[in-house]
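Where a number appears in this text, it was derived from the coordinates with a stated rule and is not lab data. The structure displayed is predicted, hence computed values, not measured ones. Note that each Cβ is placed from the backbone with ideal geometry, even for glycine, and that neighbours are counted across all protein chains shown.
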């Protein structure tokens, strides 16, 4: 092959960089979201973030736990999981909103390293396609019941219909979530409130329901088994963060509104989630007692039955299907969007090539469609219980690293670092803590540590992740957090109050302007370069 036949590396990189610029500047995927782009108020960001909580999987999860373990155990399971999810979500939500970066960028500097966090990106991507498949299955059940559309076709419809919305990123998603949330709230709350008003004795009957598995009320093993399923949702904070990174800078003037938005739309999502799970358990019990031949874990059946107490059959079915369709679109655009970001981030760092986010929208949806066609809904509890071990280990490691290692032990700078060459490829602090806690909890889940410990795998993941993270930080003396403290630019990335500096610098590769936190000096290019072009730099 002659020299002329070899591709020009600068041209290849330039093409990749230009593609990355064209897509990422739409909503600043894979990079810091600058002041100039974050023009939404805290209220709008919060409403948009909470719009994704419209998903109906909570009703299925609640019904599944309630039917299996009884009401008392189900409620304790749900509340225990909610407390853990809320507490671990606080440092992550704060970090994302304060420094305007997503969970992948946070993870890089919070114990995992530049390449180490590729593993967690894949875990997060798995969360999005598992829950896309779950939500798509629920929508297909609604289309089957309401319109007679076969399940296989319903799976396909639920997958294809979100693609146009996902392509347009945050701008389209914010409008969708804001405009559909009021209708969704009315359709969800109305029939349940009416049902309780009409049949108040249902509540007392529900409270004494003991479930099918034969567990006594307040049985610790049953509570932990149920909590393990609920804790699979701990990863939802990653999707909340994909919106919270667009929060405006925190100032004295907006401090109260800023904190209210961060807490309510960050860890606060789980309050609504827990309420929906308990309602799901209640509706599942209602179906079991009133219409025993119907699948009590299918949300469309739950709401169809609830609406039937208020309205004629045709109207009840219509509203139930509308609720299902609205809910599934609201959450699955978020699942598809967040999943595409996670896949793109992992692939780009490994290959130093940017294929485009749309490619991974299709990849994520294809995997989700395959899961739906494989009827994952039938083994929902097992899948979520298994996945939760990975999710708990990751989130607890990152939350502990931020709150303990950074703020208490001061083993690394409080301000996040995520740029290539500024970080070590692998940080043993997070990687060891994650692999040990996830590995042992999964071993427990499958009974390899004895049948007694099997229900407690979520606790094993949680405790080990929380304990090992500071231990590893102390053992390594924080050595592997920052590879270089000097990025070659004199101006600091953050001001004295920790707010990202808004000065714009020119990237020598993609020829675009970026604010200070996202750039560094490149000797190769003899000038400043943005973080994504640095990622793609061969």
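Our note on the geometry: Cα centres of the range 417-464 and the range 356-399, 18 Å apart. Peptides 394-402, 366-374, ordered by how many other C-beta atoms sit within 10 Å of their residues on average, highest first, read 394-402, 366-374. Straightening the chain between residue 524 and residue 404 buys 39.5 nm, computed as 0.36 nm per residue apart minus the Cα-Cα spacing. Residues 482, 65 in ascending order of nearby Cβ atoms (within 10 Å, fewest first): 482, 65.
Taken along the Cα-to-beta-carbon direction at a fixed 7 Å, the label points for residue 415 and residue 153 span 5.8 nm.
Working from Cα pairs under 8 Å separated by at least six residues, relative contact order for the chain is 27 percent.
Angle of helix 313-351 to the longest C-alpha principal axis of the chain, folded into 0 to 90 degrees and rounded to 10: 30°. Modelled this way, with points 7 Å down the Cα-to-C-beta line, the labels at residue 275 and residue 37 are 3.2 nm from one another. Helix-only arithmetic for the chain: the sum of -39500 (n - 2.57) across DSSP H runs with n ≥ 4, divided by the residue total, places the mean residue ellipticity at 222 nm at -21000 deg cm²/dmol.
Subtracting the Cα-Cα distance of residue 183 and residue 503 from 0.36 nm times their residue separation leaves 111.0 nm of extension gain. For the chain, the longest principal axis of the C-alpha atoms and the axis of helix 151-160 are separated by about 30°.
Reported to the nearest whole Å, the Cα centre-to-centre distance from the range 229-271 to the range 70-136 is 12.
Over the range 187-237, the ratio between the Cα radius of gyration and 2.2 N^0.38 Å evaluates to 1.54.
To the nearest 0.05, how large is the calculated FRET efficiency for residue 486 and residue 362 if R₀ is 35 Å and r is the Cβ-Cβ distance? Can you show the working numbers first?
Numbers: r = 41 Å, r/R0 = 1.16.
E(calc), rounded to 0.05, equals 0.30.
Cα convex hull, the range 253-398: 199 Å³ per residue, rounded to a whole number.
Would you calculate the volume per residue, in Å³, of the smallest convex hull containing every Cα atom of the range 472-520? All intermediate terms of the calculation are to be shown ahead of the outcome.
Details: hull volume 5.5 nm³, N = 49.
With only Cα atoms used, the range 472-520 gives 112 Å³ per residue.
For residue 370 and residue 160, calculate 0.36 nm times their separation in residues minus their Cα-Cα distance, and state this gained length in nm to one decimal.
Taking residue 370 through residue 160 to full extension adds about 74.3 nm, to one decimal.
As I understand it, the value is the acute angle between the Cα axis of helix 220-230 and the longest principal axis of the Cα atoms of the chain; what does it come to in degrees, rounded to 10? Taking Cα atoms only, the helix is inclined about 60 degrees. Annotation for residue 315 and residue 452: the two label points, set 7 Å from Cα along the Cα-Cβ direction, are 5.9 nm apart. Packing here is the average count of other Cβ atoms within 10 Å per residue, and on that basis the peptides 29-41, 75-87, 119-131, 230-242, highest first, run 230-242, 119-131, 75-87, 29-41.
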